[in-house]
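What follows draws every value from the coordinates through simple rules; no lab data is involved. For clarity, every value in this text was computed on a predicted model and none was experimentally measured. Don't worry about glycine lacking a Cβ; one is built from the backbone with ideal geometry, like all the others, and counts go over all protein chains shown.
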Amino acid sequence: MIIKLPDGNEMIYESEKSLFEVANDISPSLKKRCIVAEVNGKIVDMNTIVSEDVSLRFITDSEPEALEVLRHSTAHLLAETVKKIYPHAHFGVGPTIEDGFYYDIDLGEDIISEHDLKNIEREMKKIASQNSKIVRGVLSKEEALSFFNDDPYKVELINELPVDEEISIYKQTHFTDLCRGPHLPGTKWIKHFKLLSVAGAYWRGNSDNIQLTRIYGTVFFKKEELDEHLHLIEERKKRDHRKLGKQLDLFMLSEYGPGFPFWLPNGMALRRELEGFWYDVHLKENYKLIQTPIMLNKDLWEVSGHWANYRESMYTSTIDDHEFAIKPMNCPGGMLVYKRDIHSYKDFPLKIGELGLVHRHEASGALAGLFRVRNFTQDDAHIFMTEDQIVQEIKELVRLFDYMYSVFNLDYYIELSTRPEDKYIGEISTWDKSEKALADALDEMGKEYKINPGDGAFYGPKLDFKLRDSMKRIWQCGTIQLDMNLPERFDLTYIDHNGEKKRPVMLHRALYGSIERFIGILIEHYAGAFPTWMAPIQVKVIPVNNDYHLNFSVKILNDLKAKGVRAEIDQRDEKLGYKIREAQTKKIPYQLVIGDKEVESKTVNYRRYGEQKQQVVSKNDFLRMILEEIKAKR
RNA sequence: GCUCCUAUAGUUUAAUGGUAAAACACAGCAAUGGUAAUGCUGAAAUUCAAGUUCGAUUCUCGGUAGGAGCACCA
């Protein structure tokens, strides 16, 4: 048989060989470094036997595929160790994830908490150091069922496999697990790992099922890589918006209002800047701006379908014996505004924007800083138009989103979410048409996107714009939702060119998504060091000595404030170094130090946040420079 | 909502079955010079409720809030 290698060389054998033997024939040192191998495009274990012509690539510990195998095998080692300490444990699934692995375990009455992880880690090291081989075995479905008959979760998984499926198992020391593989040749590779956290996780991701104990961990081939990763986790924690929000006095949360953020003066400055930018852009883009009430009669929510589909998340109250609900969305109010007038096709696309405060009763466990709150401001807009205008309008929107996100230097990716399995309103044919319109627009623009089946809103499919936070968690910010249902329910009409009444189509769209969440993302994105245009305090003026330099410092302060720059003066009787330190820890973009030289020559000595170098320019030049920077949104 | 963890001055941390230590911040006084912390003094806290106990901030239980996840996220 002939084995083709990636470099074009061929190995020729008379009889079957294991991949180890082949690697050894190339070089014994290669054999030592091989984790798995790719045979005819499929990744397999090193002790796989080849008996016919194949193309073969060895995968050593420096390649990404190997890391995944290491993580998977470490999950098995974790399971083996847990089984040893808790012999009655049953196992769910133990896959690799982006930064490591986890294993879901049913511990019965026992509880594992984070304090126990050290102990489990120690035991894992002990077991790994026995350097057990990891050996693949194959069972029929029937054999597998009897082999795992004590493991209810594995039985459930096996039962779902096809009857004639060849089922593989992996055995190491005293532990055998059902697994597709491939795995490391042996446990000796597992050295640099750490168990990170414990959490509950529903079996098969379904909240009707029992909750298993999930242990998260990570592992690398090299100690430096592990250390670097752990360091990265620490760094991410430092830019957590909850922590920075406190340090920089941006917002607060109170026990009296879980999930209802309070905006402090600094956060408010940031917020107003974002809202101002939003209003400016939308007026330029020919949007009309409105504001609809926070609270509206239940009858309205029945018409919109929210009462039937969204009631659990709505806050309600009674006014004069009538039931009212606080709006969880702005659209029904927007519908009423549309209906106030007769509309012509000539007005389309009609774009109506609203920064609307909505309230939603989110599950208590879902709340997370500004990322998941119970009241937030959506930068909403509803766009009314004819069906032929859909694709063009979506293209316009994607262009607008691109521009807005580029101002913040944010990367995003798009998901197309389609009709939910059961909670939806309207005809399936309408849904199909809507989904196609969204996809067509993206295709025409050459934008890549991922399809997210069943994740659409109950009233229509949507494009979601996803951004990543410092913990690498993904959050939805912008969204474009096609709605062919609400116009029906509210009996919206327009007059077409023949003078006939027609039904318009509608888009909901939000760009920031929620201003709260977007600010949370920005805090982490900039690590609290905001660009000048949106920094809560843009300039800190620091006189060297109040007796001699205060007058000129105040003059500078007043000039800055007169031009709308958010400037403050630090005239406390403190040492210069003290005041500078504070300006730096508060991450203020410009600190101005004013002493004799500056007073004499009418200059300012500025230092930009993040830089060491001091620059001297005339007061007026500084004013010009900073105004230009703010105007350019830098 | 579910699993696990946590709760001490405004903030970040320490300690204890006999009511608590510090740093920063704050206030008062003194000092006053060039790019990350001047000194002294002061005021300031055990999340709430129940239980065990002679005595609970500490142990147990419950509530509330926060965290890590899961589920949810129109």
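Calculated translational diffusion coefficient of region A:11-144 (20 °C, 1.002 mPa s; Stokes-Einstein with Kirkwood radius over alpha-carbon pairs) equals 125 µm²/s.
Taking the centroid of alpha carbons for each part, region A:90-149 and region A:559-632 are 59 Å apart.
Just to compare against my own numbers: the Cα pair-distance distribution for region A:2-60, 10 Å bins, whole % per bin, please. Cα pair-distance distribution for region A:2-60, in percent: 25, 65, 10. Computed FRET efficiency, Cβ-Cβ of residue A:230 and residue A:429, R0 51 Å: what is it to the nearest 0.05? The pair residue A:230/residue A:429 has a calculated efficiency of 0.45.
Over region A:65-232, the alpha carbon radius of gyration divided by the compact-protein estimate 2.2 N^0.38 Å works out to 1.01. Evaluate the relative contact order of region A:532-631 (contact order divided by residue number), counting alpha-carbon pairs under 8 angstrom at least 6 apart; express in whole percent. Once normalised by length, the contact order is 31 percent.
Span-like helix criteria (full DSSP H runs; alpha carbon extent of at least 30 Å along the helix axis; mean Kyte-Doolittle hydropathy of at least 0.0) are satisfied in chain A by A:64-85. Spacing of the modelled spin labels on residue A:582 and residue A:315, each 7 Å from Cα toward Cβ, amounts to 3.6 nm. Taking the Cα centre of chain A as origin, work out the dipole magnitude from +1 charges on Lys and Arg Cβ and -1 charges on Asp and Glu Cβ, in debye rounded to 20. The calculation lands at about 2860 debye. For a straight C-alpha distance cut-off of 20 angstrom, the lysines reachable from residue A:31 (same-chain residues fewer than eight places away being disregarded) are A:4, A:17, A:42, A:133, A:188, A:191, A:222. Measuring spread by the Cα atoms of region A:520-634 yields a radius of gyration and Dmax of 13.6, 44 Å.
The distance between label points at residue A:171 and residue A:548 comes to 8.7 nm (points 7 Å beyond Cα on the Cα→Cβ vector). Would you be so kind as to identify which of A:100, A:120, A:162 lies farthest towards the positive end of the dipole of region A:65-179, taking Lys and Arg as +1 and Asp and Glu as -1 on Cβ and the Cα centre as origin? In region A:65-179, that residue is A:120.
Peptide packing for A:150-162, A:180-192 was compared via the average number of neighbouring C-beta atoms within 10 Å per residue; ordered from the highest value, the list is A:180-192, A:150-162. In chain A, with Lys and Arg counted as +1 and Asp and Glu as -1 at Cβ, which of these residues, A:35, A:254, A:5, has the Cα nearest the positive end of the dipole, that is, farthest along it? Toward the positive end, the furthest listed residue is A:254. Before anything else, pin down the relative contact order of chain A: Cα pairs under 8 Å, at least 6 apart, normalised by residue count, whole percent. For chain A, the relative contact order is 9 percent.
The tail of the calculated P(r) for region A:195-276 beyond 20 Å holds 63 percent of all Cα-Cα pairs. Place +1 on the Cβ of every Lys and Arg and -1 on the Cβ of every Asp and Glu in chain A, take the dipole about the Cα centre, and give the residue among A:400, A:535, A:385 whose Cα lies farthest towards its positive end. Positive-most Cα among the choices belongs to A:535. Between residue A:212 and A:201, A:202, A:203, the built amide H atoms are under 5 Å apart, and every one of these is 5 or more places off in sequence or on another chain. Evaluated at q = 0.10 Å⁻¹, a Debye calculation over the C-alpha positions of chain A (equal weights, vacuum) places log10 I(q)/I(0) at -1.10. With the alpha-carbon atoms of region A:246-525 aligned to their principal axes, the span from lowest to highest coordinate is 62, 53, 38 Å, starting with the largest.
Percent of Cα-Cα pairs more than 17 Å apart in region A:253-379, please. That tail contains 66 percent of the Cα-Cα pairs.
With both labels modelled 7 Å from their Cα along Cα-to-Cβ, the residue A:323 to residue A:121 distance reads 5.3 nm. Within the shell defined by Cβ-Cβ distances under 9 Å, the residues around residue A:169 carry a net charge of +1, with Lys and Arg each +1 and Asp and Glu each -1.
Each residue of region A:213-219 is assigned a 3J(HN,Hα), and the resulting list reads 8, 9, 10, 9, x, 9, 7 Hz, derived from the Karplus form 6.51 cos²θ - 1.76 cosθ + 1.60 (θ = phi - 60°), x at Gly and Pro.
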